[in-house]
1. Given the criterion under 25 Å from GLU263 (Cα atoms), more than 13 Å from the chain's Cα centre (by Cα) and basic (Lys, Arg), identify the matching residue among ARG13, ARG61, ARG70.
2. Taking only pairs six or more apart or across chains, which ones have beta-carbon atoms under 6 Å, a first residue in segment 236-249 that is among the small types (Gly, Ala, Ser), and a second residue that is in a helix (DSSP H, G or I)?
3. When the residues of segment 65-99 are narrowed to those that are part of a loop (DSSP other than H, G, I, E, B) and of a type outside the set (Ser, Thr, Tyr), which ends up surrounded by the most Cβ atoms within 10 Å (Cβ to Cβ)?
4. Whether any residue in segment 81-103 is at pLDDT below 70, out of contact with any Asp or Glu (no Cβ under 7 Å at 6 or more places or on another chain) and more than 22 Å from ILE205 (Cβ to Cβ) is what I want to check.
5. Do we find a residue being more than 17 Å from SER135 (Cβ to Cβ), in contact with a Lys or Arg (Cβ under 6 Å, 6 or more places away or on another chain) and part of a loop (DSSP other than H, G, I, E, B) anywhere in segment 55-64?
6. For residues that are over 25 Å from LEU14 (Cβ atoms) and modelled with pLDDT of 95 or more, tally how many sit in segment 205-233.
7. Give the residues of segment 185-220 that are surrounded by fewer than 17 Cβ atoms within 10 Å (Cβ to Cβ) and closer than 18 Å to TYR33 by Cα, sorted by residue number.
Amino acid sequence: MKRNNEEQMLFKRLNERFVKAFATYKLLEDDDYVLIGLSGGKDSLLLTELLGRRAQIHHPRFRVEAVHVRMENLSYETSTEYLQQFCDQLQVPLHVVTTSFEQGSSSMFQVSSFRFQDSGVKGHSSSKPPCFLCSWNRRKQMFNLAQELGCNKIALGHHRDDLIHTTLMNLTFQGRFGTMPARLQMRKMPLSIIRPLCLIDEADICRYAQLSGYQQVTKLCPYEHDTNRTSVADLFAAMEAMNPEARFSVWQALESAGKLVEE
């Protein structure tokens with residue numbers, strides 16, 4: 001695939017930050033078997049591209065597959081045909097799983113066993129918002145498939161802005177200092193969650209998605225703009241307007257407190 005100069009330079013920067021992240025936080029090692037959570041958004045597409053290309057270099061030597069989870073009762077939609085073509089070009093096997101959730105159902109919840117401390121949500125299962133229920137069920141399907149395949153790591157497409165926003169959410173709504181770690185070892189299953197885009201800024205991903213022609217999601221989630229995370233993103237934009245170095249200050253605080261790796 002032919003790239004223009006801007007796209008080449010941007011991909012080089014993205015790849016360098018990706019490599020720095022997995023070296024700094026020990027996200028990838030020889031003999032890893034990684035399952036990518038591929039939603040179809042720009043972040044997960046970039047994650048799949050970077051991991052797929054790196055797997056072909058064989059340094060470190062690891063295997064990678066991807067899973068796309070479709071939610072029956074939400075109109076959020078991505079073309080599985082496009083995702084299949086995208087993965088085929090990168091030699092990444094793709095699994096498509098369909099599931100659903102029932103808001104207010106308590107029978108399915110054993111949240112503590114999955115240790116989703118980074119969700120930014122507290123309360124009983126009956127009070128969980130749709131975004132949490134959807135995310136929880138998607139991850140449940142990923143965990144199940146990862147264990148069926150024998151994977152030891154699940155890769156998620158959260159970038160640096162996501163981790164910083166989560167930090168602010170936890171401070172604002174939960175009264176604790178923490179975030180979604182770059183690497184998280186699960187307590188009750190032999191799996192680690194890794195976030196290889198953790199040193200990449202969302203603005204760079206947006207630009208790269210435009211230059212590369214990533215296909216956009218067919219239908220947006222009806223709850224996409226109805227979350228505390230949207231308000232926190234606005235808050236952080238105001239912080240950066242006040243201090244352009246704010247993201248680096250927050251990141252340094254997370255590093256100093258040891259919040260980016262959780263064994």
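The values are calculated or read from the model by the stated rules, or taken from the named source; none is laboratory data. These figures come from a predicted structure and were not determined experimentally. In this analysis, Cβ positions are derived from the backbone assuming ideal geometry, glycine residues included, and neighbour counts consider all displayed protein chains.
1. Just a single option satisfies the conditions, and that option is ARG61.
2. From segment 236-249, the pairs are ALA246/MET239; ALA246/GLU240.
3. Of everything passing the filter in segment 65-99, VAL92 is surrounded by the most Cβ atoms within 10 Å (Cβ to Cβ).
4. Looking for residues that are at pLDDT below 70, out of contact with any Asp or Glu (no Cβ under 7 Å at 6 or more places or on another chain) and more than 22 Å from ILE205 (Cβ to Cβ), one finds at least one in segment 81-103, hence yes.
5. no
6. Qualifying residue count, segment 205-233: 0.
7. GLN185, MET186, MET189, PRO190
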